[in-house]
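Here is the structure we will look at, set down as structure tokens.
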Amino acid sequence: MSWLGVGNVAGLLLRADTRATPACESAMLRGGVVGYQLPALRAGVVAVSAGDLLIMASDGIRDGFEQYVIAADKPQQIADRIMSQCFKGTDDALTLVARYLGTRHE
């Protein structure tokens, strides 16, 4: 997966395999404002395996939201919990949670 973040956002990839190292990876973040002051961008590339969990949050979500992640929960439940526990209330907020199911071979 190729990914990066611009501005005050967070991106986490939590590994489903408990033996994976590292167990969690963060998106490369770049300062700037999309559509106004966009810096030179270089995406990071990480391998993704079945069951891995991708979480992205905007700056309307407080730091430390990962403590509210229960990986066995459905993505919608995780997103709802992050929003209810970590929404700052002073900015708009977005949380995206997706689980990679793996590739389908036919």
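Please work out the FRET efficiency for the pair THR90 and ALA40, using the Cβ-Cβ distance as r and a Förster radius of 25 Å; give the result to the nearest 0.05. The computed FRET efficiency comes out at 0.25.
ASP92 sits with roughly 110 Å² accessible to a 1.4 Å probe, with DNA, RNA and ligands left out of the calculation. Projected label points at SER49 and GLU66, each 7 Å from Cα along the beta carbon direction, are separated by 1.7 nanometres. Based on protein heavy atoms only, the chain ends up with 66 Å² per residue of surface accessible to a 1.4 Å probe. Per-atom-type breakdown for the chain gives carbon and sulfur 53% of the accessible area (1.4 Å probe, protein chains only). Would you look at the GNM of the chain, springs on alpha carbons closer than 10 Å, and say which of ARG81, ARG15, ARG42 moves the most? Among ARG81, ARG15, ARG42, the largest mean-square fluctuation in the Gaussian network model of the chain belongs to ARG42. Candidate values [x] 44, 33, 27; [y] 38, 28, 18; [z] 86, 45, 21 were compared with Cα extents along the principal axes in Å computed on the shown model; the agreeing label is [x].
The values are calculated or read from the model by the stated rules, or taken from the named source; none is laboratory data. If you're wondering where the values come from, they're calculated on a predicted model, not measured in any experiment. Note that each Cβ is placed from the backbone with ideal geometry, even for glycine, and that neighbours are counted across all protein chains shown. Accessible surface areas use protein heavy atoms only, side chains included; no ligands, DNA or RNA. Shrake-Rupley method; radii C 1.70, N 1.55, O 1.52, S 1.80 Å.
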